[in-house]
1. Once phi is turned into ³J(HN,Hα) by the Karplus curve 6.51 cos²θ - 1.76 cosθ + 1.60 with θ = phi - 60°, what whole-Hz value does each residue of the stretch 57-71 show in order, with x for glycine and proline?
2. Quick check for me: using +1 on Lys/Arg Cβ and -1 on Asp/Glu Cβ, what's the dipole size of the chain about its Cα centre, in debye to the nearest 20?
3. To the nearest 20 debye, what is the magnitude of the charge dipole of the stretch 27-106 about its Cα centre, counting +1 on the Cβ of each Lys and Arg and -1 on the Cβ of each Asp and Glu?
4. Could you run the Karplus curve 6.51 cos²θ - 1.76 cosθ + 1.60 with θ = phi - 60° over the stretch 12-17 and give me ³J(HN,Hα) per residue in whole Hz, x for Gly and Pro?
5. Loop-only GluC sites (Glu not before Pro) in the stretch 55-142, please: DSSP not H, G, I, E or B, and at most 14 other Cβ atoms within 10 Å.
6. Relative to the Cα centre, what is the charge dipole magnitude of the stretch 2-43, using +1 at the beta carbon of each Lys and Arg, -1 at the beta carbon of each Asp and Glu, and rounding to the nearest 20 debye?
7. Top mean-square fluctuation among Leu30, Leu105, Leu81, Gaussian network model of the chain, C-alpha springs under 10 Å?
8. What is the distance in Å between the Cα centroid of the stretch 97-115 and that of the stretch 12-44?
Amino acid sequence: MTDKNIIILHVEDDEVDAMVMQRALKKTDLKYTYHHAKNGIEALEMLRGTEGRTKISPRPSVILLDLNMPQMNGHEFLKELRSDSELKPISVYVMSTSSDDRDRLEAFGQNVAGYIVKPLTLESYVEAINTLNKFWQLTELP
């Protein structure tokens, strides 16, 4: 286990997927702080502290991002995030049901750290988070 506290912003419109992610995180030995946004607009407001939202501080170490969301989808969010000099260093991992090559290419074109096709079970979410945790232990996050 790492002694680093990983600050996670989970951008996900599906409440069930968000609850499964929270349950999966609790089943790991990861030391984390979890924040949830329902779409890209809400996530940017939380990151910037605008529109009456409290700014996430310290800034998230990692963003787990769904692509298919209302109001501002994951690709639009990534473009906005990468154009903001304060936010662009944040590591982003896409977690989407889409296995479409176009989605992957567009996401990697916006410098995502990884692209994970969404697991369907709690156990597969736990496995994905444990794998990411091992990676985070070996790297220095911004």
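We did not get these values from a lab; they are worked out from the coordinates using the rules stated. Quick caveat, the model's predicted, so the values are computed rather than measured. Note: ideal-geometry Cβ built from the backbone for every residue, glycine included; neighbour counts use all protein chains shown.
1. 9, x, 4, x, 7, 9, 10, 9, 10, 7, 9, 8, 9, x, 6
2. It comes to approximately 480 debye.
3. Numbers: 12 positive and 13 negative charges, 69 e Å.
About 340 debye.
4. Per residue, the Karplus-derived 3J(HN,Hα) values read 8, 7, 8, 4, 5, 4 Hz.
5. Listed in order of number, the matching sites are Glu86, Glu140.
6. For this selection, approximately 280 debye.
7. Top of the fluctuation ranking is Leu105.
8. The stretch 97-115 and the stretch 12-44 have Cα centres spaced 20 Å from each other.
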